Amino acid sequence: MKAISACLLGLACRYDGTPLPAEKLLSPAAGDCWVPVCPEQLGGLPTPRTPAEIEAGTGEDVLAGRARVVSLEGGDVTAAFLRGAHQTLALCRCLGIREVVLKSRSPSCGVGRIYRAGALVAGNGVTTALLQREGIDVRVYPD
Ligand code: SF4
């Protein structure tokens with residue numbers, strides 16, 4: 001069993017409430033068991049919602065209290081992002097999940113690269129940082 005960013009399966013959980021276009025969806029092999037998770041919804045944020053970015057840092061910095069997650073309207077949504085990350089970790093532990101596939105470039109799910117001020121910069125999202133810290137194998141889709 002693996003967990004996956006819910007938007008990669010076509011669920012309309014993204015900030016704008018629309019599903020990803022079909023060509024960007026992951027097509028799991030038949031018979032695989034995938035558990036869809038959306039950390040931002042699990043953190044209590046609405047859909048649609050104002051997009052957000054990690055301000056001057058990475059997911060690891062948010063976990064350490066050195067950076068905030070701020071919506072493009074200026075609201076501090078750090079607590080919701082942390083809640084969603086911990087809820088995702090709790091789900092993985094509950095179900096014995098050791099491998100997850102997360103959506104690239106997101107402030108929650110991004111792996112290795114995230115958006116900041118409209119540009120791609122090095123860094124993980126908040127959920128990615130927590131899952132990796134806790135020893136869960138995190139893969140990214142698409143690269
Ligand atoms: S990238 Fe992650 S947080 Fe964003 S919509 Fe997809 S599952 Fe939810």
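Brief remarks follow.
- S5 being free of Cβ contacts under 8 Å to residues at least 60 places away in the same chain and either surrounded by 17 or more Cβ atoms within 10 Å (Cβ to Cβ) or of a type in the set (S, T, Y) (or both): no
- The test for being surrounded by fewer than 23 Cβ atoms within 10 Å (Cβ to Cβ), under 10 Å from the mean Cα position of the chain (by Cα), within 16 Å of the ligand (Cβ to nearest atom) and at pLDDT 95 or above holds for R105.
- Residues being within 11 Å of the ligand (Cβ to nearest atom) and acidic (D, E) - total across segment 5-51: 2
- Residue match in segment 111-119 (condition: in contact (Cβ under 8 Å) with a residue 12 or more places away in the chain and away from the ligand (no atom under 16 Å from the Cβ)): yes
- Test: G84 is of a type outside the set (S, T, N, Q) and more than 14 Å from the ligand (Cβ to nearest atom): no
- Cβ-Cβ under 7 Å pairs, at least 6 apart or on other chains, segment 125-143 side buried (at least 16 other Cβ atoms within 10 Å of the Cβ), far side among the acidic types (D, E) and part of a helix (DSSP H, G or I): A129/E60
The values are calculated or read from the model by the stated rules, or taken from the named source; none is laboratory data. These numbers were taken from a predicted model, which means no experiment stands behind them. Cβ: placed from backbone, ideal geometry, glycine included. Neighbour counts: every protein chain shown.
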